[in-house]
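This report concerns only the one structure given below.
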Amino acid sequence: MELHRIRRFALSTLLALSPAFAVAAEPEPAPTAQMQAEIDALLANDVAVLFEANRRDGLADFAREWEAARERRRGADENVKAMQAATSPFERTWTLLLDDEGTEALVREWHAELTGPRGAAAPGTLSVGIAGFFGKAMADPEQTPQQRATMLDAMRAAQAWAMRVDFSDPERLRRAVGALAKAVRDTGVDDPAAFADLPFEDALLHMGDFLAAAKAMALAYDLDIDAILRSHRVREVLREGDQATLESRITVFDVPLELRSTVVLRDGQWIDAKRARIEDERARRGTSEDAVTREVREQPTFGPQQAFPLERRPEPAPRKD
């Protein structure tokens, strides 16, 4: 508990001083160093540093959004909140994960799903999703023919993993669910709504735990996220004014993968050129900064939002002809 207080104080101090850090920051950091800072933050499960490395004032912006959402929930009708909680699939999951008996019941339930018809189709569905992800990356005109070839090899290796690993294996499933259960229990709250109502500094500490849990769940199925991150290398291949071209190398399923990206310098920080174009367009049309932030976060990139457990939406009822 004392360690928790120390970590909370450190985060509070970081939030309070982040504007001063922004002013005092190096005006033109190396784009390779910034990218490596994001990788290091992911390796350390440090969500606070990840937000700061990803975007100037990112942590302070996230804190404001979190507290604004807490304030809106305080003014919401209690009956509406109760109905939302009752219909949330993750509400029940969270409750079951709070003790060993519930966690084991969840393992049995998910094992039954994974050994049923839907579970049998999961590897094929995942393989199609992998193809879609890599296909979009290969369509990027920035990539060279050689880089597209490495993406194709990585895609095939990832698909082979998806078809090879036994997602229904009860011991693998038990390890994966156990990792999620630990993160849920460590929050000290009884439901996801209570987690959303935690002060930002408290919630942020646990977000790193959920990131670590996501990695442990993947590792239960032979997907070592940290090993992939540790293999990352980046170099700058071209600099023209406030624009730089970077080439990253990373090993995925024993396949060396090469990626090329363009970043631009904005307000002393390097950001993805595609994201910059989105922000420029929104600014031209007079869209609010909050809307810009939301749209950028909806882009198909990996970040903190993808690392945390999300609610499973109920499937729509079958149509009646």
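Here, each number is a calculation from the coordinates, and none is a lab measurement. The structure displayed is predicted, hence computed values, not measured ones. Cβ placement follows ideal geometry from the backbone for every residue including glycine, while neighbour counts extend to all protein chains displayed.
Quick rundown of the values:
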read-out: For the range 166-177, Karplus couplings with θ = phi - 60° (6.51, -1.76, 1.60), whole Hz, Gly/Pro x; value: 8, 5, 8, 4, x, 6, 4, 4, 5, 5, 5, 5
read-out: Segment ALA193-THR144, length gained on full extension (0.36 nm per residue, minus Cα span); value: 13.0 nm
read-out: In range of the label at VAL128: residues from the range 142-168 whose backbone nitrogen is under 17 Å from the point 7 Å along Cα→Cβ; value: 159-160, 162-163
read-out: Top positive-direction residue, dipole computed over the range 69-205 with Cβ charges, set ALA105, LEU198, MET138; value: MET138
read-out: In Hz, Karplus ³J(HN,Hα) per residue of the range 116-124 (6.51, -1.76, 1.60; θ = phi - 60°; x = Gly, Pro); value: x, x, 5, x, 5, 8, 4, x, x
read-out: Simple Cβ-charge dipole of the range 162-264, Lys/Arg +1 and Asp/Glu -1, about Cα centre, in debye nearest 20; value: 440
